[in-house]
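> Structure below; questions to follow.
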């Protein structure tokens with residue numbers, strides 16, 4: 001009997017795409033899982049083919065596709081958020097620690113990311129992807145996230 005009801009449902013659907021959608025949604029959850037798995041496999045295969053054919057540019061002068069740039073930025077935000085969990089921010093009123101952090105930033109970060117009153121060089125501004133100018137972005141990060149970023153880059 002289930003076959004007959006599915007057959008009637010498909011007959012009511014006229015266009016091929018609509019027929020496939022009717023079949024997909026009119027059946028068991030296993031069909032939905034199978035369709036999602038198939039689509040994921042096709043997307044993965046497509047991505048692998050693009051990379052294998054050399055169509056994904058890795059040039060440092062061409063930048064990223066918008067979707068790639070968005071995904072990398074999203075991954076960075078999520079990674080910092082996750083990796084900074086459980087970090088206990090050191091006492092920021094300790095002058096020795098402030099000096100240590102400022103020295104670390106000055107030697108490891110300032111050249112590319114700039115600082116208050118310190119612009120980045122023209123050479124750094126041409127790097128792809130361009131390192132973000134950090135001073136105006138500081139307010140968007142929690143203290144433990146900033147600690148993790150400065151410590152780990």
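> Just give me the residues in segment 135-153 being at pLDDT 85 or above and out of contact with any helix residue (DSSP H, G or I) (no Cβ under 9 Å at 6 or more places or on another chain), in sequence order.
Answer for segment 135-153, where residues must be at pLDDT 85 or above and out of contact with any helix residue (DSSP H, G or I) (no Cβ under 9 Å at 6 or more places or on another chain): 139, 140, 143, 144.
> Hey, any hits in segment 39-59 for a residue that's out of contact with any helix residue (DSSP H, G or I) (no Cβ under 6 Å at 6 or more places or on another chain), surrounded by 11 or more Cβ atoms within 10 Å (Cβ to Cβ), at pLDDT below 85 and assigned to a helix (DSSP H, G or I)?
No, there is no match, as no residue in segment 39-59 is out of contact with any helix residue (DSSP H, G or I) (no Cβ under 6 Å at 6 or more places or on another chain), surrounded by 11 or more Cβ atoms within 10 Å (Cβ to Cβ), at pLDDT below 85 and assigned to a helix (DSSP H, G or I).
> Then there's this: If I ask for residues that are modelled with pLDDT under 90, within 15 Å of residue 148 (Cβ to Cβ) and surrounded by fewer than 12 Cβ atoms within 10 Å (Cβ to Cβ), which ones from segment 76-91 would you list?
76, 86, 88
> Within segment 63-91, count every residue that is assigned to a helix (DSSP H, G or I), in contact with a helix residue (DSSP H, G or I) (Cβ under 6 Å, 6 or more places away or on another chain) and within 18 Å of residue 132 (Cβ to Cβ).
Final tally of qualifying residues: 1.
> For segment 106-146, give me each residue that is touching a residue at least 40 places away in the same chain (Cβ under 8 Å) and not in a loop (DSSP other than H, G, I, E, B).
108, 143, 144, 145
The values are calculated or read from the model by the stated rules, or taken from the named source; none is laboratory data. Remember, it's a predicted structure, so these values are computed and weren't measured experimentally. Cβ: placed from backbone, ideal geometry, glycine included. Neighbour counts: every protein chain shown.
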